[in-house]
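Before any comments, here is the structure.
Bear in mind that the values in this text are calculations on the coordinates, not laboratory data. Keep in mind that this is a model prediction, so the values were computed, not measured. All Cβ positions, glycine included, derive from the backbone under ideal geometry; neighbour counts span all protein chains shown.
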Amino acid sequence: MAATAASGSSASSGKKAASESRKNEYLEVVGGNVISATGVTGRQFGGGLIRAETGDKSASTVSRDFIAKQSPTQSTFQMLKLTPGANAASSDPFGMQYGGGGFSVRGLDSSQMGFVYEGIPVTSSYNSQVNPSEWADTENQEQIRLEQGSPDISTPTVNASGGVVFIQTRDPSHHFHVTADATGGSYSMARGFMRVDTGDLGRSGVRMFMSVSHMEADHTRGAGHDSKTHFDLGAVKDWGAESRSKLTISYSNFDISNYAYPTQAQFDKGGYNYTNVYTGTNTNYYKLHQNPYEALLVSLPTKLKLIKGLTFNFTPYTYYNYGTTGFGGMVAENAVYSGLSKEQVDLNGDGSITSNKYMTYEPYIEETSRSGFNTNMVYQRGHNTLTFGYWFQYENDNLFSQYGRVSSSGSPLNPWGDSNYYTVNGHPIMLMASHSYVTTNVIYIGDTLSLLHDKLKLTAGFREAMVNRQGTNSLPGTPYHIETNTAEPLPAVGVTYKLNDHHQFFMNGSTAFRTPTSNAMFESTYNGAVSSVGNPNLKPEYSISEEIGYRYTSKLMMARLTFFNYNFTNRLVSTVIYNGTQQIPSQLNGGGQHARGVDFEIGTAPIHHFRPYMSAEYLDARQDNNLKVGNDYLPTSGKTAVNAPKYQLGFGLDYDDGRFFGNAGIKWVGRQYSTFMNDASIDPYVQADMTAGYRLHDIGMLKNMEFRLNIVNLANNHYLSGVYSVKSNAQATTGTMGSTIAASGAPSYYVSTPFMAMGTVTAGF
């Protein structure tokens, strides 16, 4: 954006050009996407939903131009929903719920994708979950890039068989200024944001920004209230023309209540929501489902140009998360179980033990720390560019759950789970007590050969990924120690051919894999019985994918067409199992799966201030094997894969004349199956969102004030927007060997966001 702003200046003299450049930069920062002193905006095609690409893989980038016009509460998943193949289940319009709602690309959900935030791989090895609400505030996000295929060899991830999302934050400004905005809207939503840019600090080559935001909102369905405080820091040190370091720190503190996820039957009856009335026995009281947690992300990507043609890249990072997901359960005093061991506990404090049941707080508590580094050397000489690198990561996950005390009003005495029941020996009584350690080592090498005056580029790469997983389970009666080792060779090749400035063809073939989640290794128990058997022998997922595509680029239009194919063995499907009322992330091995499809997107430059954008996907994803259940098999071979809509359409229209601006986005998603047997699904749906705004002239100290109205779900459609828990079969089914396989239960779903309106005022100082 800074480069675009500078080129937009009309000044001819050096002094005037410098002045205009500074003004342009300032306007871009405080006004979101204003990029010239004359007020001309929207230099990016399709309203910021498409940009020029030259790589050998399909990719879509959402730029600052689009991000700045959306509600500041929108999650990264929602920002991507109009791009080809991306399916974002709308559930929480405020972006505070853990996990950010459902998200999938080409029928592969977020657990099968890599997410890299400023060099940090943010997907948990323990449960494959990712939480976009922990990342930078939208005011600080510069771009979000989705690569729909397999990752590049240098990408720090081993679970990205379904593509990679890269989140990049803005750089600090070279000049001091302050930016602030305030947002209010439906459901008592209120949010404030402030950022300070220091500008260049003397001649040190250092510049930085710091920002803080706070948000509060009621739930859009059922009882509950959420709040979030967030802090971002960005600092850049320029070491020279081609060398720099960028420090990024993001910290979040959440105090939220979880949403309930209904089955189809519950949704048809008006939905399943948590209530604000406590009866003494109802586990759906909302205060039993609180989710307080905090998260810290730190990275320091550094690029050093050592000598001509030789560059050294080094990115150290660390991630920390500690939080609680609350649940309630009715437990008998004479049968309080820890693993397979039964305890007798005076739950109501009357001095006696009976068979009566009383409410207890059963929090799911997780503490995660993840640290590592990704480093490589890039050597360019003649027509060759050689990359050699190494990625190391160590992750420590401590997961536990203890019976906690509940007040007479139904609130846990401590929502963090610190007020617990103990055995006569003084030990806390645990429902869950696992500890996992995951060590990842990846070495990689790749080479790019440029021929025919750089028209033809050939790329070949290889990664060797080595993952060691160890775990301990401290529950009585369960296996204590588990260890697995996995090593996978991962080759990749790619070709691009540039016919001329307008036409380019690309092709690639790549491999990817991901290990099963660590929690799948552990045996789970509830009320003295094994509720799920640990499976340390669950095989890693492996995929082979191919793409062939065409890109057209001109001054007026950009368009891409990509044909893709992928094949999976040991397809790992994320789901949720229930221990009583506790919802525990888990995995199923769905066997083989293949998919073939086509992606298309097109966007234009401004045409009378309008910039339309359209995307489409056709996907045919099929299961290759029958699914084993007990001693029989469900006849799932040939069935459509879960979470894989056959058709998706996205449309965006942006208008921006420098003062008035607005955009509209419409997404249509086809039918999605939620069971391997295809005997349960959610209907196709459409959602429309809208933005309208106006930029004022400067008023005294207030620079580039902006008013913006954002509307979510303009038509107020009520629908199920995504699959929360996948099941094998919703109805009893005759297996291939003739036995009757009982229904595995009804899937549960994300529920769409209702109509919402939010207004934002922005100003710079």
Of all DSSP beta bridges in the range 135-211, antiparallel share, percent nearest 5: 100 percent
Filtered trypsin sites (Lys or Arg not before Pro), the range 141-215: DSSP coil and at most 16 other beta carbons within 10 Å: 203
Overall dimensions of the range 620-755 as given by Cα atoms, namely Rg and Dmax in Å: 22.8, 81
Straight-distance crosslink candidates among aspartates and glutamates, where the alpha carbon sits under 15 Å from residue 357 and sequence neighbours closer than 8 are dropped: 333, 343, 346
The chain: angle of helix 14-31 to the longest principal axis, Cα-based, in degrees nearest 10: 20 degrees
Label-point separation, residue 694 to residue 709 (7 Å along Cα→Cβ), nm: 1.0 nm
Cβ-based net charge around residue 641, under 15 Å, with every Lys or Arg adding one and every Asp or Glu removing one: +2
Local electrostatic count, residue 242, Cβ distance below 9 Å [Lys/Arg +1, Asp/Glu -1]: +3
Paramagnetic reach from residue 548 in the range 115-149 [backbone N under 20 Å; point 7 Å along Cα→Cβ]: 148-149
Cross-link pairs 639/727; 246/555; 69/228; 303/455 - those with Cα-Cα distance over 24 Å: 246/555; 303/455
Simple label model, 7 Å out from Cα along Cβ direction - residue 507 to residue 610, nm: 3.9 nm
Qualifying aspartates and glutamates (Cα of each under 14 Å from Cα of residue 703; at least 8 residues distant if same chain): 25, 28, 181
Matching label, Kirkwood radius over Cα pairs in Å computed from the structure shown, candidates (i) 27.3; (ii) 28.7; (iii) 29.9: (i)
Cα gyration tensor shape for the range 210-360, rounded if a/c is under 1.5, else prolate or oblate: prolate
